[in-house]
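Down below is the structure, laid out as structure tokens.
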Amino acid sequence: NQWNQSPSNLIGYGFKRAAGFMDVVCYTGNQTAGATQAHNLGVAPEMMIVKQRKVGEARPWSIYHRGIDASAPEDYRISFTTGARVDDLGQWNDTAPTDSVFTLGDSTYVNNNNETYIAYLFATLAGVSKVGSYTGTGADLNVDCGFTAGARFILIKRTDSTGDWYTYDSARGIVAGNDPYLLMNSTAAEVTNTDYIDPLSAGFTVTSSAPAGLNASSGNYIFLAIA
């Protein structure tokens, strides 16, 4: 039991479905390019995380994020790996999601015939969540999420090159000093001796000491932050 081993320190994240913030959709694939799936987010999803549910299958997570490309994010996917973004028609059929449906291509990652999938949908909700992007500077960089008391959960990934999925939360500490992080793409233990982000009342700060995976000059990054 991975959730009850001794001695172990564990952390879990729980998100509640709410209009404008998050929705969860379960569906069965049909391997038809252009197939649509209804959702109840109430707005167009800005981040979609999709995974096949069948036991024994090793297909990767497929992730859509509006910040992955300035003009056509629906043309790309990214996964919970270190890889950069991939131009892939088979994921979203090069079709942007709407406030009522999202569109699938014929990729087995998201739409294999008669296979079951789960999709987690996120959007920006003022004062609650921010699905966004930034360009690295190599210097201290303030990321404004429109919050009033800073971010309590932060997930960041570089998209134009390889890089890890850095995960921070205020339960383990987002402070002016060292901040523990976990990597979504790794089973490694948390790293506790680095100061790559700092608190910011409006969101968070990526520091000048952060590596290329978080703050390379001219690097492109996507994030999900929750207040």
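What the table shows:
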| quantity | calculated |
| --- | --- |
| Stokes-Einstein translational diffusion, the stretch 121-227 - Kirkwood Rh over all Cα pairs, 1.002 mPa s, 20 °C, in µm²/s | 159 µm²/s |
| Gain upon complete extension [Ala171, Thr28; 0.36 nm per residue less C-alpha separation] | 47.9 nm |
| The chain: projected area of the alpha-carbon convex hull, averaged over directions, in nm² | 12.2 nm² |
| Dimensionless Rg ratio for the stretch 42-103, taking C-alpha atoms and the 2.2 N^0.38 Å reference | 1.13 |
| Inter-probe distance in nm under a simple model that places probes 7 Å from Cα toward Cβ, at Asp160 and Ala18 | 3.4 nm |
| Residue-normalised accessible area of the chain, expressed per residue, 1.4 Å probe, Å² | 46 Å² |
| Net lengthening on full extension, Ala44/Thr98 (0.36 nm per residue, minus Cα-Cα) | 19.0 nm |
| Over the stretch 1-87: Rg over Rh, Cα atoms, Kirkwood Rh | 1.01 |
| With every protein chain in place, the stretch 82-227: carbon and sulfur % of accessible area (1.4 Å) | 48 percent |
| Environment charge at Gly105 (Cβ cut-off 11 Å; Lys +1, Arg +1, Asp -1, Glu -1) | -4 |
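The values are calculated or read from the model by the stated rules, or taken from the named source; none is laboratory data. Keep in mind that what you see is a predicted model, and the values were worked out from it rather than measured. All Cβ positions, glycine included, derive from the backbone under ideal geometry; neighbour counts span all protein chains shown. Accessible surface areas use protein heavy atoms only, side chains included; no ligands, DNA or RNA. Shrake-Rupley method; radii C 1.70, N 1.55, O 1.52, S 1.80 Å.
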